[in-house]
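Asks: This is the structure I have questions about; it appears just below.
Values quoted throughout were computed directly from the atomic coordinates according to the rules given, and no laboratory measurement underlies them. The model shown is predicted, which means the values in this text are computed figures rather than measured ones. Reconstructed Cβ throughout: ideal geometry from the backbone, glycine too, with neighbour counts over all protein chains shown.
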Amino acid sequence: MFKHQFKYTLKTLFKSKSLIFWTYAFPIILGTFFYLAFSNIENSEKLDVIDIAVVETNEYNEDLVYVETFNRLSDDDNEDKMFNIKYVNEDKAKELLNKGKITGYFILKDKPSIYVKENGINETIFKSVVEEINNTKNMINTLSEEKIKGELIKGNQNIDYEKLYNEIISKINNYKSNIQNVSNDNLSYTMIEFYTLIAMACLNGAILSIIAINNVLPNMTGIGKRVGVSPVNKFKLILSSTLASYIVELLGLIILFIYTIFVLKVDYGSNLPLIILLALIGSFAGITLGILVATIFKLNDNAKTGILISFTMLGCFFSGMMGITMKYIIDKNIPIINKLNPANMITDGFYSLYYYDTLDRFYFNVISLLIFSGLMIIISFISLRGQKYDSI
Amino acid sequence: MKKVIEVKNLTKKYKKIKAIDNLSFDVYEGEILGLLGPNGSGKSTTINTILSLLKFQSGSIKVFGKEMNTDSYDIKRNIGVVFQEVAVFEELDVYDNIDYFCGLYIKDKEKRKKYVLDAIDLVGLSDFKKFYPKQLSGGLLRRLNIACGIAHKPKLIFLDEPTVAVDPQSRNNILDGIKKLRDNGATIVYTTHYMEEVELLCDRIIILDKGNIIASGTSDELKTLAKIEEKVTVEINNLDDRTLEEIKEFKNVDEVSYTNNNLIITYKKGENNFSYLMDYLKKEKINYNKIYSERPTLNDVFLELTGKELRD
Amino acid sequence: MTVFKGFLKILNKCKGIVIMYTVMLLFFGGFTISTSDENSVNFSEDKPDILIINNDENSGITKNLISYIKENSNIIKIDNDEEKINDALFYRDINYVIYIPKNYRIDFLDNKNPKIEIKKVNDYNSSYANMILEKYLKVANIYKSEIDNENILIEKINDTLDEDVNVNITEKQNKSSLERMTFYYNFCNYSLLASIIYIVCLILSSFKNEKISKRTIISSMNYKKYNRILLLSSMLFAVCLWILYVILSFILIGDTLITLNGLGYIINSFVFTICALVIALFIGNLVTNKNAINGIVNVVALGSSFLCGSFVPVEFLPDSVLTVAHIFPSYYFIQNNEMLEKIKITSFGDLSKLFPNILIMITFIVIFIVIINIISKNKRKIG
C-alpha cells in the first residue's frame, strides 16, 4: 500500500506543470536574475577612478609636490591610479562641476582648496588625497627643519640641502606600512541572496505536499473522498505522500545546488555534510509547512498555493532576498520576526556555515527548523485526528 | 433476505439545519435500492454518513451486520463508491487512474490488472486506456469516474447521481453496467433525481424529502400512493361546459381539467375508463385530435405527497 | 454596474496579496529610512565606521593614534567578540577594524614599526578608512625616525596632520531625503508591478474564463462596453494603489514630496503605474490559467526589479545587465528616479529632463495597447 501510494504520488507530482515550475524552474530563473544583478556588485564596491579638474595657477605650477603627485595619481600606467584629471582654468572647472562632469576641482591659491558639489564618497576621497599631498609637503618642511637643526647642532655649517632634500623624499617614498589584513575571506555580500534562494526553494516544496496530501483528505478533494472510503489508514497514506513529495523536493534542490554551484559559482562554504544536513532539514520544514497549509485551510489548491507563495516570498524578503540590508535591519530591530521566519532560519544557517568558524549559530538554526517542523506536524496531526467531518 | 445495510434513527445536522431527520431503512442483499429525491433532500448526505465520512448526531449504522466506523477496513474493502463529482487525477491516464483507486483495495498486482481491465470493459473505455481525463468528453469522464469506484468488484456499491449531465448514449451504457454489476451479485444503492432511471432500474425505491423518508416500496407500490391509477389526456377544440360537467360524473373520475384545448381526466381506479370515454366521445360526436392514457409517474407520487414537483 | 461589482468582489477576495506587497514596501521604505538619518547640509565627510580594538595601554603615541582615528571616523563600539565583529563587518555596520597590538607604544618608540592588524570589507568606506590609517602611520613612522621625544613627536605629527584643506560645497540641498525618495520609489517598481499584474490578471481570468466569456459575448451587453468597464475598473484599482503609495511616501519621507523634485517622482510613478496596468492587461489577455498567474507575476515582477535596479542600486549593476534591462519599462522608471536624486529641479521647465524616459514608457504603453487589441479581437471568436 505504502509503495502503491508512493508510486502514484510521484507520478502525479512529476506530471503537474505548475508544481514543476515552482520547485524546479522558478528558483533557477530567480537565481539567474540574482546572478545577473549581483555579478558586478562586489567589484564595484572598490574605488573607482574619480574624475576631477585641477586649476592651473602659477602657484600650482611652481609647487612640485602637487604637480608630481597629481601626475603620478593620474598616470595610466600606475596600478593605484585614482584620478582622471582635466587641467583647466577656474571658469571651465566651475562649468564642469555644475554639469556633473567632475566630482570636484582643486585650486591652489594661497591655500589649497577643493570645490565639490555635494557630500559623498568620491568627494571625501578627493579631499583626503589632497590632504595627504599637503601632509607630505608639511612633512618635507618639518623634516628639513629637524635635519637642519640637527646638522647645526653638530656644528656643520655646510649643509648640502639637495642631499638632505633627497634623503627626506626617499624616506617618504620608501616608507612601507606594516598593516596586515586579517579579514575573513568569505565576505561576499551576494551569497546571502543565493541562500535566500535555497530557502525559497525549500519552502516552496510545501506546494508539493499540499497537493499530495489534499488528495488523501476527504474534506478537501473528491479524490480524497474516494480514498476516505477505501480500507486504508489515512496516516499511512499521508506518510507515503509526504515521503514522495519530499523526494521530489530534494531532487529539485539537488538540481538547484548543481546549478548554483557550477553555473552561478555560489560558495556554500566547505562543510559538505552540514550543508547537506541543512538542505535536508530545510526542505523537510517546507514539506511540513505544506502539510499544515493542506490540512488547516479549507480552500482550493490554487488558493492554498497562493497563500504559501505569499508566505514564502514575505519570509524571503525579511531574510534579505530583495536587498540584504533588510535581513540585518530585521535582525537588529525586530529580531522576533526572523527568529520565527523559517526562510531566515535556512538562510542564516547557510550564512553561518559560510562565514563563521564556530557552529553554534548553525546548530541554533537547525534546531529552530526542527522545532518549526515539529510544530507544523503537531498542529496538522491535531486537525487531522478527527477522521469524520461535519461537512465535506 | 439478508440485510446488507441497516440504518436506524439516523439524524445529521449541519449547524442547525437537519439534513437527515430520524432516518431508518434497510438495504437487502442483491437488490438495487433507489434513493429518489429533489436536490438538497439529503441523498448524498445519507450516503456520506453511511460511509462514515460525516459525523452524525444520533442513530446507528450497520453494514454487513457490523457497526460502521472510519477504520472498519474489512467492511470498507467490500464497498465501492461513485461520488457525484468526478474525482480523478488530471495527471494520470484512464488506466492509471483506475489502477490507483483499485490499488487501495487490491494488493495483488496480477489480480489488480485483470480487475482494472474488467472495469474498463464494463464502462466501455477500452479504446481510451491511454487518454487523460482532459481529453475525455463529459460522458466518458463519468464512465471513468464509475470505473474508478467499482474496479475492485465490491459487494456493496453506492452510486451518487452517476448520470448527471450525461449524454443518452453514455447514460444507457452506465445503466446497463449497473445492471450487470447487480447480476454479478452486488448490492447497489443508487441515488438520483431522475425518476425514469429509478423506475427502469430499481427493485425498491425510497423517496426522500428534507431528510425524511416520505415513501418507500417498489415502483408499483409507490404508485398506488398517488391515489390515481390512470391519467387520460384528450386534445379537443372547443369543449363546452355541459360536456365537462358530464365527464366529471363518470365512474372513478377523480379530477377533470380543461386548459389550452387539453382535457385531462384522472381516475382513481383503472378499469375500462379509456373505452368508456371513447364511447362517450363517439356518442356525443365530439372531434378530438389526440388521445392517450398514462400510468401515474413517481413525480405524481411525489406531487401527491409533498405538494411540489420532483424536479424544480 | 454588475461588472464593476463583480470586479470589487474578486478584488476583495485577493486583497491579501496587495497588503503583502504594500507591507514589503513599507518595511523597505520605512526601515532603510530610519537607518540613514544623518541629515547635514555642511560638508561632513562620509566618515567610515571603524572599530578599534586596543590591546595596548591607552597612553602616549597609542592614545594619539586612537584619537586621530576618532576624529576622522565614526567609532563604533562592539563587544570584542569575533563573531559579532564579523557580523557587523558583513552587514557593513562597520567598515574597518583596527587591532592595536600589545606593547604597541613601546615597540613603536623602539623604531620597530609594529604590525597592526586590520579587518576590512571591499567597499568605498573601507578603502577610505585604510587611507586614514595609512596616512597617520606614514607620518608617525617617518617622524619617529628623526624625532625621539614622544611628546614632541606627537605634537609634530598632529601639526602636520592638522593642516586642513579648504573644502567648498557649491550646491546645498537636502540630498539624503531625495536618496530615500529614490529608494522608496525604486522599490515601488516591484510592489506596483506585482500587485497590479496579480490582481488584474486574476480578475481578467475570472471574467474571461471560457464559460463566462461565452455568456457575456452572447449577452445583451455590448462587448465593447463590457471590455471598457473591465478596463476602467482595473484602471481605477491601479490609480488607487498609486495614490496610496504616493501618500505613504509622503508619510514616510515627508515634505520632499512637495518640492518640484517630489512632483517629478509623482509624475514618473504615475506614468509607470499606467505602464504596469497595460502590462497586466497584456498578460491577463494572454494567460487565462489561474495557476500560471502566480508564476508569471513573480517572474515578471522580480525579474524586472532585479535587472533594472529596483533592489540593487543601479550603479552596481553590470553594464551588460543594464543593456538587457532596456527592454523593460521599469528601467526607464528607475532611471528617472535616479535622475531625480541627482539633479535639483528648480523650475517646471526642468521637469522636461524626465521627458525622454517618460516618452519611452508611453511608447511601451501604446505598443502594449495595440497588442492587447489585436489579441482580444482574435479571442472574441472562440475556437
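Asks: Place a point 7 Å from the Cα of C:LYS224 along the Cα-to-Cβ direction; which residues of the stretch C:348-380 have their backbone N under 18 Å from it?
Replies: Residues C:369-380 fall inside that zone.
Asks: Still on this structure, I have one more. Set the bar at 27 Å for Cα to Cα. Now go through B:LYS55/B:LYS210; A:LYS92/A:LYS127; A:LYS304/B:LYS107; A:LYS11/C:LYS290; A:LYS94/C:LYS135; A:LYS298/B:LYS8 and name every pair that lies beyond it.
Replies: In this structure, A:LYS304/B:LYS107; A:LYS94/C:LYS135; A:LYS298/B:LYS8 exceed 27 Å between Cα atoms.
Asks: Next question. Give me the log10 of I(q) over I(0) for the protein assembly as shown at q = 0.07, 0.09 Å⁻¹, as the Debye formula computes it from C-alpha points; what are the numbers?
Replies: Log10 I(q)/I(0), no solvent term: -0.82, -1.12.
Asks: For every helix of n ≥ 4 consecutive DSSP H residues, a contribution of -39,500 (n - 2.57) applies; sum these over chain A, divide by its total residues, and give [θ] at 222 nm rounded to the nearest 500 deg cm²/dmol.
Replies: It lands at -21500 deg cm²/dmol.
Asks: Label points 7 Å out from Cα along the Cβ direction at C:ASN55 and B:LEU175: separation in nm?
Replies: Spacing of the two 7 Å Cα→Cβ label points: 9.7 nm.
Asks: In peptide C:119-129, what is the residue-averaged number of other protein chain Cβ atoms found within 10 Å of each Cβ?
Replies: For this peptide, the per-residue mean of nearby foreign Cβ atoms is 6.
Asks: Need one number: % antiparallel among DSSP beta bridges in the protein assembly as shown, to the nearest 5. Could the numbers behind the result be given before it?
Replies: On the way: 46 of 88 bridges.
Beta bridges within the protein assembly as shown, antiparallel portion: roughly 50 percent.
Asks: Whole-Hz Karplus ³J(HN,Hα) for the stretch A:282-297, in order, using 6.51 cos²θ - 1.76 cosθ + 1.60 and θ = phi - 60°, x for Gly and Pro?
Replies: x, 6, 5, 4, x, 4, 5, 4, x, 4, 4, 4, 5, 8, 9, 9
Asks: Moving to a separate point now. Please give the FRET efficiency for B:LYS283 paired with B:GLN135, using the beta carbon to beta carbon distance and R0 = 41 Å, rounded to the nearest 0.05.
Replies: After rounding to 0.05, the efficiency reads 0.05.
Asks: Further question: Angle check, please: helix A:191-214 long axis (alpha carbons) against the longest principal axis of chain A (alpha carbons), in degrees 0 to 90, nearest 10.
Replies: 10 degrees
Asks: Once you charge only the Cβ atoms, +1 for Lys and Arg and -1 for Asp and Glu, what is the size of the charge dipole of the stretch C:49-162 about its Cα centre, to the nearest 20 debye?
Replies: 180 debye
Asks: Counting only other chains, what is the mean number of Cβ atoms within 10 angstrom of the Cβ of each residue in peptide B:77-86? Numbers along the way, then the final one.
Replies: Values: counts 3, 1, 3, 3, 5, 1, 6, 2, 4, 2.
Taking all residues of B:77-86 together, the mean is 3.
Asks: Work out the FRET efficiency for B:LYS227 and A:ASP390 from their Cβ-Cβ distance, taking R0 = 56 Å, and round it to the nearest 0.05.
Replies: 0.90
Asks: Same structure, new question: Quick one: order B:ILE178, C:ILE283 by neighbouring beta-carbon count within 10 Å, fewest to most.
Replies: Ordered by Cβ neighbours within 10 Å, fewest first: C:ILE283, B:ILE178.
Asks: Now, a different point. Counting pairs of alpha carbon atoms under 8 Å apart in space and at least six apart in sequence, what relative contact order in percent does chain C give? Each step should come with its number before you reach the end.
Replies: Working: 404 pairs, mean separation 72.1, N = 383.
Relative contact order here is 19 percent.
Asks: Based on other C-beta atoms within 10 Å, arrange B:ASP254, A:ASP91 from fewest to most. Walk me through the numbers before you get to the answer.
Replies: Numbers: B:ASP254 15, A:ASP91 9.
By the 10 Å Cβ count, ascending, the order reads A:ASP91, B:ASP254.
Asks: If we restrict to alpha carbons, what Rg and Dmax does chain B come to, in Å?
Replies: 23.6, 77
Asks: Determine the shape class of chain C: with a ≥ b ≥ c the square roots of the Cα gyration tensor eigenvalues, call it rounded for a/c under 1.5, and otherwise prolate if a/b is greater than b/c, oblate otherwise. Write out the running numbers ahead of the final one.
Replies: Values: a/c = 3.63, a/b = 2.80, b/c = 1.30.
Prolate shape, in that a/c is at least 1.5 and a/b is the bigger ratio.
Asks: Put a dot 7 Å past each Cα toward the Cβ at B:LEU303 and C:LEU260; how far apart are the dots in nm?
Replies: 8.5 nm
Asks: Another one. Would you tell me the mean number of C-beta atoms belonging to other protein chains that fall within 10 Å of each C-beta in A:127-134, as a whole number?
Replies: The shielding value for this peptide is 5.
Asks: Where a ≥ b ≥ c are the square roots of the eigenvalues of the C-alpha gyration tensor, would you call the stretch A:1-102 rounded, which needs a/c under 1.5, or, failing that, prolate if a/b is larger than b/c, or oblate?
Replies: Numbers: a/c = 10.06, a/b = 4.23, b/c = 2.38.
It is prolate, given that a/c is not under 1.5 and a/b is the larger ratio.
Asks: Here's another thing I want to ask about it. Given Cα pairs under 8 Å that are at least 6 residues apart, what percent is the relative contact order of the stretch B:227-295?
Replies: Reported relative contact order: 48 percent.
Asks: What FRET efficiency comes out for the pair A:LYS154/C:GLU155, r = Cβ-Cβ distance, R0 = 22 Å, nearest 0.05?
Replies: 0.40
Asks: Could you quote the convex hull projected area for chain A, Cα atoms only and averaged over all directions, in nm²?
Replies: 28.4 nm²
Asks: Would you calculate, for chain C, the mean residue ellipticity at 222 nm contributed by helices, counting each DSSP H stretch of 4 or more residues as -39,500 (n - 2.57) and dividing by all residues, to the nearest 500? Write down the numbers at each step before the final one.
Replies: Working: 15 runs with 262 residues, N = 383.
Calculated mean residue ellipticity at 222 nm is -23000 deg cm²/dmol.
Asks: Which ³J(HN,Hα) values in Hz, rounded to whole numbers, follow from the phi angles of the stretch A:316-323 under the Karplus curve 6.51 cos²θ - 1.76 cosθ + 1.60, where θ = phi - 60° and Gly and Pro get x?
Replies: Values per residue, Gly and Pro as x: 5, 4, 5, 9, x, 5, 9, x Hz.
Asks: Taking Cα centroids, how far is the stretch A:74-138 from the stretch C:235-266 in Å?
Replies: Centre-to-centre distance over Cα atoms comes out at 38 Å.
Asks: Given bins 5 angstrom wide, list per bin the percent of all Cα-Cα distances in the stretch B:227-295, short to long.
Replies: 3, 17, 33, 29, 14, 3, 0
Asks: Structure shown: which of A:LYS147/C:LYS120; B:LYS223/B:LYS282; C:LYS5/C:LYS225; B:LYS12/B:LYS153; A:LYS7/B:LYS66 lie over 26 Å apart, alpha-carbon to alpha-carbon?
Replies: On the way: A:LYS147/C:LYS120 37 Å; B:LYS223/B:LYS282 31 Å; C:LYS5/C:LYS225 15 Å; B:LYS12/B:LYS153 30 Å; A:LYS7/B:LYS66 33 Å.
From A:LYS147/C:LYS120; B:LYS223/B:LYS282; C:LYS5/C:LYS225; B:LYS12/B:LYS153; A:LYS7/B:LYS66, over 26 Å: A:LYS147/C:LYS120; B:LYS223/B:LYS282; B:LYS12/B:LYS153; A:LYS7/B:LYS66.
Asks: Relative to the present Cα-Cα distance, how much length would full extension add between B:GLU246 and B:ASP26 at 0.36 nm per residue of separation?
Replies: Values: separation 220, 0.36 × 220 = 79.20 nm, distance 4.77 nm.
Fully extending the segment from B:GLU246 to B:ASP26 adds 74.4 nm.
Asks: Let me ask something else. Using only the alpha-carbon atoms, how far is helix A:64-73 inclined from the longest principal axis of chain A? Give it as 0 to 90 degrees, nearest 10.
Replies: 30 degrees
Asks: Can you sort C:ILE267, A:ILE153 so the residue with the fewest Cβ neighbours within 10 Å comes first?
Replies: Going from least to most buried by this count: A:ILE153, C:ILE267.
Asks: Considering only chain B, what is the antiparallel percent among its DSSP beta bridges, to the nearest 5?
Replies: Given both bridge residues lie in chain B, the antiparallel proportion sits at roughly 65 percent.
Asks: Could you tell me the relative contact order of the stretch C:249-383? Use alpha-carbon pairs under 8 Å, at least six residues apart, and round to a whole percent. Intermediate results must be reported in sequence, preceding the final value.
Replies: Details: 92 pairs, mean separation 50.2, N = 135.
Reported relative contact order: 37 percent.
Asks: Amide H of B:VAL81: which non-local residues (sequence gap of 5 or more, or other chain) have their own amide H closer than 5 Å, using H built in the peptide plane?
Replies: Placed amide hydrogens put B:PHE158 under 5 Å from B:VAL81.
Asks: Now a separate question. Anything over 21 Å Cα to Cα? Flag those among B:LYS231/B:LYS268; A:LYS339/C:LYS13; B:LYS15/B:LYS76; C:LYS47/C:LYS70, in the order listed.
Replies: A:LYS339/C:LYS13; B:LYS15/B:LYS76
Asks: If we sort B:131-142, B:63-74 on the protection proxy, mean other Cβ atoms within 10 Å, highest first, what's the order?
Replies: Order by mean packing, descending: B:131-142, B:63-74.
Asks: In degrees from 0 to 90, rounded to the nearest 10, what is the angle of the helix C:124-144 Cα long axis to the longest principal axis of chain C?
Replies: That helix lies at roughly 10 degrees to the long axis.
Asks: Would you please put C:248-260, B:46-58 in order of how densely packed they are, using the mean number of other Cβ atoms within 10 angstrom per residue and starting with the highest? Working shown, then result.
Replies: Numbers: C:248-260: 16.5, B:46-58: 21.1.
Those peptides, ordered most packed to least, come out B:46-58, C:248-260.
Asks: What is the spin-label model distance, in nm, from C:ASP79 to C:LYS344 if the labels are put 7 Å beyond Cα along the C-beta direction?
Replies: 4.6 nm
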